[in-house]
Amino acid sequence: MVHHHHHCKEKRPKFCINDHVDVLAEILKRLDGRSLCVAACVCRLWSALARNDSVWEHLCFRHLSPPPPSSVRPVVSALGGYRRLYMVCIRPVLSRLGRSRRAELPWRVRSREELQLSLSLFCVDYYERLGNGSGGGGSRFGDGSASASSSLMFLCKPVNV
Amino acid sequence: MSSSPPPSSAAASPSCPKKMIALRSSDGETFEIEEAAALQSKTLENMIDEDCAGTPIPLPNVTGKILAKVVEFCSKHAEPGVDDESLRAWDAEFVNVEQATVFDYILAANFLEIPTLLNLTCNVVADMIRGKTPDEIRKFFNIKSIFSPEEEEEVRRENHWAFE
């Protein structure tokens, strides 16, 4: 799955980032969600690294201090992984806040309460996917469009009051 | 074979002089670094514990030019009484260099296991990636992508929201 492309000149070996996978992983860890998805389209190596759930774990909780207890990880993995958590629970809230408060810094999970909220929403998503299994099959990232009437995932969508 | 002068020491207690560690770069230059600064590097920390009579520690992966800057960085970060804001400003200046040098810093920080420098430099590169399209990223890092058409389509589909 790993490809090395050597574009080396004689005088000074040109830096090829794909030769330094551990460093590349460190760099990708520091991207935001959107850039990470763009990075996944660069080449096979980047795609494999971007698919690695630990990168998304870092993205979800990097602003949480102290970091969440290690007991969280198996729960999140069982419910579908950190990438899904980000896509389903964190990103929609983020983009909604981005639309309404332009000057505001991007929302991140900073407090224990926000962590609990994200995990609760994630449990709801998992539960609903269980229900959709026998039906027509829900959409990949829990749009909430399936079983719309009983779906609690409206909590992730803008509310019309 | 030149030796750079030791960094000016802050108020050292008179009874115990600051311990200096000697480092040798890949191209044979020797540098001296205070122990407190050297401990910023996990690699050096391990080597210092097994130190034999103060012979210069060889660092075959780091050139003299870069090692000098790394020593400067570690010394600055070991300085007592520097406030966060001025340290951040200093860091920003430190990485205000050409791209190739930033990559050299990253490799050195990775090899020497200096978390502060690695974090700083990786963030710089992450900033360079942010906002670019996949094609621009490929050009920037000189990466040749050999996705098959099916792979390319699948990867685009998986990550479609990033392009909306």
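Nothing in this text is a laboratory measurement; each read-out follows from the coordinates by a stated rule. Computed from a predicted model, the values in this text were never measured in an experiment. Note that we place each Cβ from the backbone using ideal geometry, even for glycine, and neighbour counts take in every protein chain shown.
Computed values, structure above
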quantity: Charge-dipole axis of the stretch A:43-99 as Lys and Arg at +1 and Asp and Glu at -1 on Cβ define it, positive-most pick from A:55, A:86, A:75; calculated: A:86
quantity: Loop-located GluC sites (Glu not before Pro) in the stretch B:79-145, at most 14 other Cβ atoms within 10 Å (DSSP); calculated: B:98
quantity: Estimated distance in nm for a label pair at residue A:96 and residue A:126, the labels positioned 7 Å out from Cα along Cα-to-Cβ; calculated: 2.2 nm
quantity: For B:20, A:87, order by how many other beta-carbon atoms lie within 10 Å, fewest first; calculated: B:20, A:87
quantity: FRET efficiency, 1/(1 + (r/R0)^6) with R0 22 Å, evaluated for residue B:61 and residue B:101 via beta carbons; calculated: 0.90
quantity: Positive-end extreme of charge dipole, chain B - chosen from B:101, B:82, B:64 (charges on Cβ); calculated: B:64
quantity: Of A:14/B:144; B:42/B:76; A:14/B:139; B:18/B:65; B:42/B:69; B:19/B:42, pairs whose Cα-Cα distance is over 20 Å; calculated: B:18/B:65
quantity: Exposure proxy ranking, count of Cβ atoms within 10 Å, fewest first, for B:101, B:55; calculated: B:55, B:101
quantity: Ranking of B:129, A:90 by count of other Cβ atoms within 10 Å, fewest first; calculated: B:129, A:90
quantity: Computed E for residue B:90/residue B:46 - FRET, C-beta separation, R0 22 angstrom, nearest 0.05; calculated: 0.20
quantity: Cα-based reach from residue B:132 at 17 Å (exclusive), listing aspartates and glutamates while leaving out same-chain residues under 8 positions away; calculated: A:32, B:164
quantity: Cα-projected label distance for residue B:156 with residue A:52, points at 7 Å along beta-carbon direction, nm; calculated: 2.7 nm
quantity: In degrees, nearest ten, helix B:84-94 long axis to first principal axis of chain B (Cα); calculated: 70 degrees
